[in-house]
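Every read-out reported here was derived from the displayed coordinates using simple, explicitly stated rules and does not represent laboratory data. The structure displayed is predicted, hence computed values, not measured ones. Backbone-built Cβ (ideal geometry, glycine too); neighbour counts: all protein chains shown.
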Amino acid sequence: MPGTRTSFKDMDCGFAQAIELIGDQWCFLIIRNLLLGMTRFEDFNAHLSISSKVLAHRLERLTAAGIIKARVDPRDARGKIYELTPKGEELKLVYGALTEWGDKWSPKAGGVRTEFFDTKTGDMIGGFAAVSKTGRLLDEGRVASRTGPGGSAVRDELATMIARRMVK
């Protein structure tokens, strides 16, 4: 993708690949606004106070990554309506977790900025937690990671570097 930031496309790491696909802070805010129902260029432009050139580039980036799609605006054939693809919709939980984390570690005196709830029951969601494949809720102290079947030497190299530092 064009731009001045470092590309992670050749880094064999799922986290790095997610960052490569999503992009930068403007892309995250565009995704947030799409999740909240915003669809038009002029609305993103006004709400985010982003330059038209930067906004157009970020929308192109998210479209090329398959996170959003654009269709002709029925009100004005020169314009576009932007929508999340299924790939983009899956970022809803990431958005929720990052929002919750931000409210926890950068709190506002009046309380959380965003509340999440179950659309069927109206029950508040108390957190975005890890769930085992058997359905058991896990707290962050019980969550770890390891190299998976498609993994590369990246994680092993990192573990070796860390272990070497701990010996000294």
Next item on the list: Please report 116, 44 as a ranked list, fewest other C-beta atoms within 10 angstrom at the top and most at the bottom.
Entry: 116, 44
Next item on the list: Quickly work out the residue 130-to-residue 104 label distance, labels modelled 7 Å from Cα along the C-beta direction, and quote it in nm with one decimal.
Entry: 1.3 nm
Margin query: If you build the convex hull over the alpha carbons only and average its shadow over all orientations, what do you get for the chain? Give it in nm² to one decimal.
Written below: 14.8 nm²
Notebook entry, point to check: Taking amide hydrogens as modeled 1.01 Å from N in the peptide plane, which residues meet the under 5 Å criterion relative to residue 81, leaving out close sequence neighbours?
Noted result: 71, 72, 73
Notebook entry, point to check: Which cross-chain or sequence-distant (5 or more) residues have an amide H under 5 Å from the amide H of residue 116, H modelled 1.01 Å from N in plane?
Noted result: 125
Next item on the list: For the chain, compute the number of Lys pairs whose alpha carbons are separated by less than 22 Å, excluding pairs fewer than 8 positions apart on the same chain.
Entry: 11
Notebook entry, point to check: Can you give the extra length, in nm with one decimal, that the chain gains between residue 165 and residue 71 once fully stretched, where that is 0.36 nm per residue apart less the Cα-Cα distance?
Noted result: 28.6 nm
Check: Sorted from largest down, what three extents in whole angstroms do the Cα atoms of the range 100-168 have along their principal axes?
Finding: 49, 34, 18
Margin query: Order these by the 10 Å Cβ neighbour count, fewest first: 161, 11.
Written below: 161, 11
Notebook entry, point to check: Between residue 155 and residue 32, what is the FRET efficiency for a Förster distance of 25 Å, r being their Cβ-Cβ separation, to the nearest 0.05?
Noted result: 0.25
